[in-house]
Amino acid sequence: MARHVFLTGPPGIGKTTLIQKASEVLKSSGMPVDGFYTEEVRQGGRRIGFDVVTLSGTRGPLSRADSSRGLGQRVCVIDEIGKMELFSQAFIQAVRQTLSTPGIVILGTIPVPKGKPLTLVEEIRSRNDVKVFNVTKENRNNLLQDIVMCVQNGRK
C-alpha cells in the first residue's frame with residue numbers, strides 16, 4: 001500500500017496546481033497539511049526564478065537567474081524535488097528523514113527522468129511505499145480525486 005504520493009510530468013503540465021488543489025481538499029477534510037510549493041517568478045514575460053511559498057503563506061526566494069515538524073499524523077507537501085533542490089545536502093537529508101518518519105505522508109512532485117538520473121528522485125521512484133501519478137494534458141483535470149484518496153489512504 002502506497003504511503004507517499006508523487007506527481008511527475010513535463011514542466012508547466014499542472015503538477016503544482018494539482019498539489020495546491022489537493023492540499024485545499026485535504027485541509028478542508030480536517031487533515032493537517034504543511035509544506036511548500038514553488039512558484040515561477042516572471043519579469044517582463046521572462047522567467048527570472050522561483051519562490052518557495054509555504055502553505056501558511058510565507059514566501060521566500062528559492063532561486064533567481066543571477067521543515068519538518070513531526071507532530072501527529074500530517075501531510076507534508078514538497079513541490080518539488082528537482083535538480084536545483086538536490087544541490088542541498090540538508091534538503092536531501094530532510095526528504096529522506098521525512099520519507100521514513102511514521103505518521104507523515106508526503107505529497108510531492110518529481111521531474112520526468114531525462115539525462116543523468118537524479119539519485120534521490122530514483123530512490124523515491126523505486127520505494128514500494130510510493131505511488132507516482134504521471135500528469136498529462138489528457139488526465140490532469142481528472143486526477144484530483146485519485147490523488148486525495150491515495151493521500152487519505154496512505155495515512156492509515
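Think of a 1.4 Å ball rolled over the protein heavy atoms: the chain then has 56 Å² of accessible area per residue. Round to a whole number: what % of the accessible area of the chain belongs to carbon and sulfur, probe 1.4 Å? Carbon-and-sulfur percentage of accessible area, whole number: 52.
The share of C-alpha pairs in the chain whose separation exceeds 23 Å stands at 33 percent.
Estimated from helices alone, the mean residue ellipticity of the chain at 222 nm is -8500 deg cm²/dmol (sum of -39500 (n - 2.57) over DSSP H runs with n ≥ 4, per residue).
Rounded to 0.05, the FRET efficiency of the T17 and T119 pair, given R0 = 22 Å and the Cβ-Cβ distance, is 0.20. Of all DSSP-defined beta bridges confined to the chain, some 45% are antiparallel rather than parallel. Annotated for the chain: lysine pairs at least 8 residues apart or interchain, Cα distance under 19 Å, count 11.
The values are calculated or read from the model by the stated rules, or taken from the named source; none is laboratory data. Every value quoted in this text rests on a predicted model; they were computed, and no experiment measured them. Virtual Cβ from ideal backbone geometry, glycine too; neighbours counted across all protein chains shown. For the accessible areas, the whole protein counts, side chains as well, though only heavy atoms, and no ligand, DNA or RNA atoms are used. Shrake-Rupley method; radii C 1.70, N 1.55, O 1.52, S 1.80 Å.
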